[in-house]
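The values are calculated or read from the model by the stated rules, or taken from the named source; none is laboratory data. If you're wondering where the values come from, they're calculated on a predicted model, not measured in any experiment. Every residue, glycine as well, gets a Cβ built from its backbone with ideal geometry; the counts of neighbours run over all protein chains shown.
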Amino acid sequence: MKKFGLLIVLFAMALGSHAEGVGSSDSSEYLIKAGFIYNFAKLVEWPTIAFPHPDSPIVIGILGDDPFGATLDRTVADKKIEGRAFVIKRLKWSDLKNFKDCNILFVSSSEKDHIDSIVDAVKFLPILTIGDTPGFAARGGIMNFVVEDNKVRFEVNLDAAKHADLTISSRLLTLARIVQQVRADGRKPE
Amino acid sequence: MNLKNLSIKRKLVLITMLTSGVAVVLSSAGFLVYDLISFRHSLSEDLITQAEIIGYNSAAAMAFKDESAATGTLSALRAKDDIVSAVLYTRDGKMFAQYVHSNTPQQNLPAPIAERGYHFEGSYLEVFQDVTLNGEPVGTLFLQSDMRRWNARAERYAMIFFSFVLVSGFFALLVSSKLQKLISVPILHLEDTMRMVSTTKNYEVRATKFYSDEIGRLIDGFNTMLSEIQQRDMAFHQANDELKTRTMELEGEIVRRKEMEKELVDAKLSADDANRAKSAFLANMSHELRTPLNAIIGYSEMLEEETNELGKVENVKDLQKIQGAGKHLLALINDVLDLSKIEAGRMGLHLETFNITQMVEEIVNTLHPTILKNSNTIQVRLAGELGVMQADITKVRQILFNLLSNATKFTDHGTISLDVDRSTVEGQDWIRLRVADTGIGITPKQKAKLFQEFTQADVSIARKYGGTGLGLAISYRYAHLMKGRISVESEPGRGSVFTVDIPSRVMTEAADAAQAEKFKDLPSAADQTKSNVDTILVIDDDSVVRDLMSRFLTKLGFRVVAASSGEEGLRLAKQINPLVVTLDVIMPDCDGWAVLNKLKADPELADIPVIMVTVVDNETMGFKLGVSNYLLKPVDRDRLAILIQEHRVTRHSTVIAGMPSPASHRDASPETERVGSNRTAKRKKK
């Protein structure tokens, strides 16, 4: 976290923007989001079957264009949660079958057209899907980043989480915006 | 008021109160302190727990930078009145969220500090606590409690404590006031009893014993002491009564004794009066007796001489009888007076230094006629050169005279021997006079009473030999007066030996010794050349005496000037500066003592020797005033002649060289004998 703080300060100095705020800089916003992802991992419980071994790493998949750059890698480097390290994979829409190896799947805003198919693909799998697109959670994603008042917030779809057999800590939920699935079939024409 | 002088009642109550008070206060305070400390500890524990909960609840908010959520979490503290403020800090020290209790004035919030845990800051309890998310620190929580719970508790405790102390003190007072009587009542009773005993002095009172504790024993002891004192008191009163009785008896006795003493003093005074009367009578009588005797002896001697010259031998014998009787009477009177003086202790010693041989020769010469009378021979043996001795020459002479007279008296056709020698016994020089005779001797029975007064060996002897019977008694006392002794050895029919031992230097009191010195000095001062060598001044108011003295002294070859009064005598003495003055005492106007004083006070006349010729028997007085010789009337003419000759020789030894000296008295004696002793003259004519 110290590093994280330090980075914020560095970036704030470099970009002349508000340290706390997201600002106009994507890097600053994704720095915060990277921290949030790491913290989500702390407050979400995966079922046992999600990991082949007790010390298997938490695999974070970044689907689509990577907005983080090296930021997320730096954030989770050398970190461990309950003995598990992090592994980051960068995925393409075409690697859909590889999604199943992930524990956390970050769906970049570049994949906003494939959201329904992605959600369908990982439905009932213990994968924490995190969207970066408005309406992602309502469409069946488990979590979604939103920016309100220049601050990064997040949404949680509890049904989706339930389907994925993921337990989200109440502490996380108190901070989250709970959203309902728009439709039972999960499909919504654009 | 001094605590120590409180009454025992108050002391007991005070002790109880203080003891219980101290116990209550200490235990309560101990409990209180313990409770407050533990309460404080639990307060901090509570606060830490609170911080943990808040931290836990706000961890996620912090992790996800959700200030409003964090603030909401913190605002849950509103229910906790004691929590004044709460602050969440990010990891880099920035304030993340803050909570301030609504009724707390805004204050400066402290900067986060590195030290975690609780601490007391002023009246606040503060906690710094890490906020962690899954073990990873995300920030720091600061909680501040105003400890109002603790303060309230302490206040409540103080109230409880004081009321507790008050109530327990009240009950302690109640109980101790009741219980102290157990101790104080017996002691106060004892004190009352003691005071009563000491004020009323009534020792019959007893103190009541309440309990059998130490005070009970004290009361027992006190009662025992009281009964002891009661007994003593009674005994003391008895003794006192007895003492009073005795004292009264003694006082009576003292009064009686005083009366007796007074009687005794009276008796003594009257006895003294009687004694003085007797002495006066004796002195008077001796004067009265001697004055006529003086005339009888003097004129009978004169008559005898004249009758002899006229050749009327038949009358001479009668005149001699008159003379003899007179002299005997005179001797008797002298002896009786001497003896009475000795008895009264009034006989003093007049010490002078004299030549022993000369003295012995004088006496032997005087007695020579008497010795010859009983056809006795005398042998005088002097052991070598005897020199001088210091003694009362008159008394030594009288002793020797008495012994020799006795020897001649009781010896017929025998030999009288006189031995004189000097010896040293026990470091002292003695002169021994030994008179032996071949007379009738003395029986042992007679010897026993020999030296007592009026005792002759036999009454018949007195008739046969005459004598007063006082001679030996006087000699004996004179010898003792001079610290000497006298003894006798005898065999009836074979003779007697009397031995007299007298110290060669008789010592008396210092005054007498000084007197002797004065006498020793006398000759050296007496070398007046202008002195009228042969003139003798006779001072006497009695014309008989003047007449007799003039005739007698003229016959001895002296010129005689007579004065009938003291004043005349003094005037004449200055005029003629005589060889010797003879002085009477009893004279009208200016008596002999006054004349003597004036003579001795005048430097021109002081050296003239004065011979007292008087009936007043007061030698001591005379010598004190400076007389040279003291003769009692009637005058022993032989003695007077010798004395005057001595003075002449002493004063003018150079002027009258060739004149008869006292040492060759025998050569001068024809004249003396002829004038002074008719008997001697008569013997010579035979």
Hey, any hits in region A:32-53 for a residue that's crowded, with 22+ Cβ neighbours inside 10 Å, within 14 Å of another protein chain (Cβ to nearest Cβ) and among the basic types (Lys, Arg)? yes
If we keep only residues of region B:163-221 that are in contact (Cβ under 8 Å) with a residue 60 or more places away in the chain and of a type in the set (Ser, Thr, Tyr), then the residue farthest from residue B:19 (Cα to Cα) is B:184
Exception for residue B:670 within (1) at pLDDT 50 or above; (2) in a helix (DSSP H, G or I) falls at (1)
Among the residues of region B:56-72, the number that are crowded, with 24+ Cβ neighbours inside 10 Å and more than 9 Å from chain A (Cβ to nearest Cβ) is 3
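Results for (1) of a type in the set (Lys, Arg); (2) within 12 Å of chain B (Cβ to nearest Cβ), shown as yes or no for each residue.
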position: A:136; (1), (2): no, no
position: A:142; (1), (2): no, no
position: A:147; (1), (2): no, no
position: A:157; (1), (2): no, no
position: A:160; (1), (2): no, no
position: A:164; (1), (2): no, no
position: A:171; (1), (2): yes, yes
position: A:176; (1), (2): no, yes
The residue from A:91, A:72, A:63 that alone is more than 14 Å from chain B (Cβ to nearest Cβ) and farther than 16 Å from residue A:141 by Cβ is A:72
Expected single match for surrounded by fewer than 17 Cβ atoms within 10 Å (Cβ to Cβ) and assigned by TED's automatic domain parsing to the domain that holds residue B:482 among B:428, B:390 is B:428
Does region B:203-214 include one or more residues that are among the aromatic types (Phe, Trp, Tyr) and over 30 Å from residue B:16 (Cα atoms)?
yes
Among residues of region B:140-156 being in contact (Cβ under 8 Å) with a residue 60 or more places away in the chain and either among the acidic types (Asp, Glu) or assigned to a helix (DSSP H, G or I) (or both), the residue surrounded by the fewest Cβ atoms within 10 Å (Cβ to Cβ) is B:148
### Message
without any contact (Cβ under 8 Å) to a residue 12 or more places away in the chain and outside any strand (DSSP E or B): is that true of residue B:588 in this structure?
### Response
no
Restricting region B:431-453 to residues that are farther than 20 Å from residue B:470 by Cβ and surrounded by 18 or more Cβ atoms within 10 Å (Cβ to Cβ), the one farthest from the chain's Cα centre (by Cα) turns out to be B:438
Selection over region B:113-154 where residues are among the acidic types (Asp, Glu) and within 14 Å of chain A (Cβ to nearest Cβ) yields a count of 2
Filter region B:76-86 for residues that are away from chain A (no Cβ under 14 Å) and surrounded by fewer than 22 Cβ atoms within 10 Å (Cβ to Cβ); the one that is nearest to residue B:55 (Cα to Cα) is B:77
* Would you say residue A:124 is away from chain B (no Cβ under 14 Å), in contact (Cβ under 8 Å) with a residue 24 or more places away in the chain and surrounded by fewer than 17 Cβ atoms within 10 Å (Cβ to Cβ)? -> yes
All-but-one check, residue B:112 against (1) within 30 Å of residue A:82 (Cβ to Cβ); (2) buried (at least 16 other Cβ atoms within 10 Å of the Cβ); (3) touching an Asp or Glu at 6+ places or on another chain (Cβ under 9 Å); (4) at pLDDT below 85, failing number (3)
The residue from A:153, A:171 that alone is in contact with a Lys or Arg (Cβ under 8 Å, 6 or more places away or on another chain) and surrounded by fewer than 23 Cβ atoms within 10 Å (Cβ to Cβ) is A:153
Whether any residue in region B:348-356 is of a type in the set (A, V, I, L, M, F, W, C), in contact with a Ser or Thr (Cβ under 8 Å, 6 or more places away or on another chain) and not in a helix (DSSP H, G or I) is what I want to check. yes
Exception for residue B:589 within (1) under 25 Å from residue B:295 (Cβ atoms); (2) surrounded by fewer than 16 Cβ atoms within 10 Å (Cβ to Cβ); (3) at pLDDT 85 or above falls at (3)
Among the residues of region B:300-323, the number that are closer than 14 Å to residue B:634 by Cα and without any contact (Cβ under 8 Å) to a residue 40 or more places away in the chain is 1
The correct count of residues that are surrounded by 14 or more Cβ atoms within 10 Å (Cβ to Cβ) and under 17 Å from residue A:33 (Cβ atoms) in region A:74-101 is 7
Scanning region B:290-338 residue by residue, the ones that are touching an Asp or Glu at 6+ places or on another chain (Cβ under 8 Å) and not aliphatic (A, V, I, L, M) total 3
Just one listed residue, out of B:375, B:405, B:423, B:417, is part of a helix (DSSP H, G or I), over 30 Å from residue B:621 (Cα atoms) and modelled with pLDDT of 85 or more, and it is B:405
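So that you can scan it fast, the table gives a plain yes or no per residue for (1) out of contact with any Gly (no Cβ under 6 Å at 6 or more places or on another chain); (2) closer than 22 Å to residue B:133 by Cβ; (3) modelled with pLDDT under 90:
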| residue | (1), (2), (3) |
| --- | --- |
| A:60 | yes, yes, no |
| A:67 | yes, no, no |
| A:72 | yes, yes, no |
| A:95 | yes, no, yes |
| A:107 | no, no, no |
| A:147 | yes, no, no |
| A:157 | yes, no, no |
- prompt: Taking the stated definitions as given, is residue B:212 among the small types (Gly, Ala, Ser), outside any helix (DSSP H, G or I) and farther than 30 Å from residue B:330 by Cα?
  reply: yes
Okay, helices (runs of 4 or more DSSP H) sitting entirely in region A:81-190 with 3 or more residues that are in contact with a strand residue (DSSP E or B) (Cβ under 8 Å, 6 or more places away or on another chain) and more than 30 Å from residue B:55 (Cα to Cα), I get A:115-122
